[in-house]
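*Asks:* Shown below is the structure under consideration.
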Amino acid sequence: MGGAFGALGGDISALTVNPAGSAIFLNNQIGITFSNQNIKNNSNYLGTSTSDKENSFILNQAGAVFVFNNNNPNNNWKKITIGTTYENTGNFNNNIFSAGVNRNNSIDGYFLDFANGVSLGTLENIPYENMLYKEQQAHFGYEGFVINPVNPLDSNNTQYETNVPAGGNYEQANEIYTNGYNSKLGFNIATSYKDRIYFGANLNLHITDYRRSSSFFESNNNDLEATPTISNVRFNNNLYTYGNGFSFQLGTIAKVTDALRLGVAYESNTWYHLYDEISQSLYSTRQAAGQPEIYESVNPEIINVYEPYDLQTPGKFTFSGAYIFGKSGLISVDYSIKDYGNTKFKPTNDAGFRQLNSNMNDQLTTNSELRVGGEFKIKRLSLRGGYRFEGSPYKDGKTIGDLNSYSAGLGYNFGSTKFDLAYSYTERDSNQRFFEAGAFNGAPNITSKLNNVTFTLLFEL
């Protein structure tokens, strides 16, 4: 149903949208959901099209709700419900491959951006593990002979030049492999007033485990020179981010009439405490006219473990409405607003984070999300469909584009057991450079298409 459950309640999925939804349950319920996700990424880099895909089977969601009725007819508070949910909010298993011919810019620009301003003495005398990140990036370019010092005999030299031959037509390929998850464990409590107004709250624990490996390769067949110049280079980067976070949710649902329900929910900022680990390596080949190839390997075999930091992601408001056509079906709509410009890395007095936060404030914007779903019942069989739209979080609308998703499914009620099956198709475009530093005149345009098959088993106790 496109995830449009904010005013409906009575479903374990609804608790993650509006915590008041558990107070609509009539009986205790336990459910578990599995998904098979297949994502295909079509990339176009400077006119060359490539594609890659990844398939994964995940535990999508699990939860339980327990209902405690108040049988006192003189008390308007009719019940209290307690629930717990597990939700895989982000499946990071993904592969992206991009390749094309860059007619103007080489990877040398990346290393020059970091190296200029770093003394040659630093690169030659300070151990890699004691260098700053900027110096480490310069180290790879220098030791791999991608760049050379302008004054190689002066240890105070701070200016560098490329060792990649001019002429353009640099064949470039970039592979990105990610895996891991972002999950949320929620603890819910809700209550019902006169069975007309429902209130609820969630306390959420977030867990993040994210691994990203990228390998960039560049080659050229430009004319050889008297001194060895770079003919190809491979630059590998591995990132591991992990940690946990906390958030809370508040919500209410009003049964305006027996058919019409309205809901509103607030999801707080999520406050993460995260750790980063990074390892890198570079391999290059250089050659002079009439001479054999020279192979360079720059692999410190060192993992940089950084100081932990905090990340605050933005909160969200969700407004919902649903109309129930007796026992024959329903239609439901959710509308959410989130200001991504409020994303912050902390401590905010850190110079690097201060600049990063400023950049995010300039580039990110408030986005909205619309979810529409409907259900039609034929005795014990339910037929469902939905649509979801999420606007780009970026002001340019291109770095990450709008998201469109279509879904359909069915459910069958066996009595104390229910089975649900759903299919959703999601598509989104993105446009992100291989490296944030360096002069690349193009970035791959990626269209990601996600096919998701989900099945759920529910048991009433």
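*Asks:* In the range 146-163, how many residues are at pLDDT below 95 and out of contact with any Leu (no Cβ under 8 Å at 6 or more places or on another chain)?
*Replies:* 1
*Asks:* Here's another thing I want to ask about it. Please pick out the residue among 198, 170 that is open to solvent by less than 20 Å² (accessible area, probe 1.4 Å) and either under 21 Å from residue 146 (Cβ atoms) or acidic (Asp, Glu) (or both).
*Replies:* On the way: 198 fails: either under 21 Å from residue 146 (Cβ atoms) or acidic (Asp, Glu) (or both).
None of the others qualify; the one that does is 170.
*Asks:* Can you give me the ranges of the strands (runs of 3 or more DSSP E) entirely in the range 351-461 with at least 2 residues that are open to solvent by less than 30 Å² (accessible area, probe 1.4 Å) and free of Cβ contacts under 8 Å to residues at least 40 places away in the same chain? Outline the logic, then answer.
*Replies:* On the way: elements: 366-378, 381-390, 400-413, 417-431, 445-460.
So the answer is 366-378, 381-390, 400-413, 417-431.
*Asks:* Okay, moving on. Got at least one residue in the range 294-311 being touching a Pro at 6+ places or on another chain (Cβ under 8 Å), open to solvent by 30 Å² or more (accessible area, probe 1.4 Å) and not in a strand (DSSP E or B)?
*Replies:* no
*Asks:* Right, something else. Under 9 Å between Cβ atoms, at least 6 apart or on separate chains: pull out the pairs that start in the range 190-202 with a residue that is farther than 13 Å from residue 67 by Cα and end on any residue that is outside any strand (DSSP E or B) and open to solvent by 70 Å² or more (accessible area, probe 1.4 Å).
*Replies:* Close Cβ pairs satisfying both conditions: 196/256.
*Asks:* Between a first residue in the range 233-254 that is more than 30 Å from residue 435 (Cβ to Cβ) and a second residue that is of a type in the set (Phe, Trp, Tyr) and crowded, with 17+ Cβ neighbours inside 10 Å, which pairs have beta carbons less than 8 Å apart while being 6 or more apart in sequence or on different chains?
*Replies:* That search, which allows pairs on different chains as well, returns 251/199; 252/198; 252/199; 253/198; 254/198.
*Asks:* Just checking, how many residues over the range 51-68 are open to solvent by 30 Å² or more (accessible area, probe 1.4 Å) and either charged (D, E, K, R) or more than 19 Å from residue 187 (Cα to Cα) (or both)?
*Replies:* 6
*Asks:* Quick test of your reading of the structure: residue 334 fulfils all but one of (1) under 24 Å from the mean Cα position of the chain (by Cα); (2) open to solvent by 30 Å² or more (accessible area, probe 1.4 Å); (3) at pLDDT 95 or above. Name the failing condition by number.
*Replies:* With (1) under 24 Å from the mean Cα position of the chain (by Cα); (2) open to solvent by 30 Å² or more (accessible area, probe 1.4 Å); (3) at pLDDT 95 or above applied to residue 334, the lone miss is (2).
Here is a yes/no grid of residues against (1) within 23 Å of the chain's Cα centre (by Cα); (2) modelled with pLDDT under 95; (3) more than 30 Å from residue 106 (Cα to Cα):
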{"residue": "1", "(1), (2), (3)": "yes, yes, yes"}
{"residue": "42", "(1), (2), (3)": "yes, no, no"}
{"residue": "46", "(1), (2), (3)": "no, yes, no"}
{"residue": "61", "(1), (2), (3)": "yes, no, yes"}
{"residue": "66", "(1), (2), (3)": "no, no, yes"}
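*Asks:* Every residue in the range 118-170 that is out of contact with any Phe, Trp or Tyr (no Cβ under 7 Å at 6 or more places or on another chain), assigned to a loop (DSSP other than H, G, I, E, B) and closer than 29 Å to residue 103 by Cβ, please. Walk me through it before giving the result.
*Replies:* Applying the first criterion (out of contact with any Phe, Trp or Tyr (no Cβ under 7 Å at 6 or more places or on another chain)) to the range 118-170 yields 118-122, 124-133, 135, 142-145, 151-162, 164-170.
Narrowing the set further to residues that are assigned to a loop (DSSP other than H, G, I, E, B) leaves 118-119, 126-127, 131-132, 144-145, 151-159, 164-169.
If the condition is that a residue be out of contact with any Phe, Trp or Tyr (no Cβ under 7 Å at 6 or more places or on another chain), assigned to a loop (DSSP other than H, G, I, E, B) and closer than 29 Å to residue 103 by Cβ, then 144, 145, 159, 164, 165, 166, 167, 168, 169 are the ones that fit.
*Asks:* OK, next. When you check residue 35 against the structure, is it surrounded by fewer than 17 Cβ atoms within 10 Å (Cβ to Cβ) and out of contact with any Lys or Arg (no Cβ under 6 Å at 6 or more places or on another chain), yes or no?
*Replies:* Working: surrounded by fewer than 17 Cβ atoms within 10 Å (Cβ to Cβ): no; out of contact with any Lys or Arg (no Cβ under 6 Å at 6 or more places or on another chain): yes.
No, not satisfied.
*Asks:* Select, from 41, 27, the only residue that is over 11 Å from residue 12 (Cα atoms), surrounded by fewer than 15 Cβ atoms within 10 Å (Cβ to Cβ) and touching a strand residue (DSSP E or B) at 6+ places or on another chain (Cβ under 9 Å).
*Replies:* Working: 41 fails: surrounded by fewer than 15 Cβ atoms within 10 Å (Cβ to Cβ).
Answer to the selection: 27.
*Asks:* In addition: May I ask you to say which residue of 350, 429, 396 is in contact with a strand residue (DSSP E or B) (Cβ under 9 Å, 6 or more places away or on another chain) and modelled with pLDDT of 95 or more? Step through it out loud before you land on a result.
*Replies:* On the way: 350 fails: modelled with pLDDT of 95 or more; 396 fails: modelled with pLDDT of 95 or more.
Within the list 350, 429, 396, the selection yields 429.
Okay, residues lined up against (1) open to solvent by 20 Å² or more (accessible area, probe 1.4 Å); (2) within 29 Å of the chain's Cα centre (by Cα):
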| site | (1), (2) |
| --- | --- |
| 96 | yes, yes |
| 111 | no, yes |
| 126 | yes, no |
| 136 | no, yes |
| 142 | yes, no |
| 156 | yes, no |
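*Asks:* Every residue in the range 248-285 that is among the aliphatic types (A, V, I, L, M), over 30 Å from residue 129 (Cβ atoms) and surrounded by fewer than 21 Cβ atoms within 10 Å (Cβ to Cβ), please.
*Replies:* Quick first cut of the range 248-285, residues among the aliphatic types (A, V, I, L, M) only: 250, 253-254, 256, 259-260, 262, 264-265, 274, 278, 282.
Filter again for over 30 Å from residue 129 (Cβ atoms), leaving 250, 253-254, 256, 259-260, 262, 264-265.
Within the range 248-285, 250, 254, 256, 259, 260, 262, 264 meet the criteria.
*Asks:* Ok, one more. Consider only pairs whose beta carbons are under 6 Å apart and that are at least six residues apart or on different chains; among these, list those whose first residue lies in the range 117-128 and is without any contact (Cβ under 8 Å) to a residue 60 or more places away in the chain and whose second residue is surrounded by 12 or more Cβ atoms within 10 Å (Cβ to Cβ) and among the hydroxyl-bearing types (Ser, Thr, Tyr).
*Replies:* Between residues of the range 117-128 that are without any contact (Cβ under 8 Å) to a residue 60 or more places away in the chain and residues that are surrounded by 12 or more Cβ atoms within 10 Å (Cβ to Cβ) and among the hydroxyl-bearing types (Ser, Thr, Tyr), the close pairs are 117/158; 119/158; 120/155; 121/155; 123/142.
*Asks:* I would also like to ask the following. With the requirement that a residue be polar (S, T, N, Q) and open to solvent by 30 Å² or more (accessible area, probe 1.4 Å), what does the range 98-109 give you? If you could, list the steps in order and put the result at the bottom.
*Replies:* Step one: list which residues in the range 98-109 are polar (S, T, N, Q), which gives 98, 102, 104-106.
Scanning the range 98-109 gives 104, 105.
The values are calculated or read from the model by the stated rules, or taken from the named source; none is laboratory data. All of these numbers come straight from a predicted model, not from anything done at the bench. Virtual Cβ from ideal backbone geometry, glycine too; neighbours counted across all protein chains shown. These area figures cover heavy atoms from the full protein model, side chains too; ligands, DNA and RNA do not enter into them. Shrake-Rupley method; radii C 1.70, N 1.55, O 1.52, S 1.80 Å.
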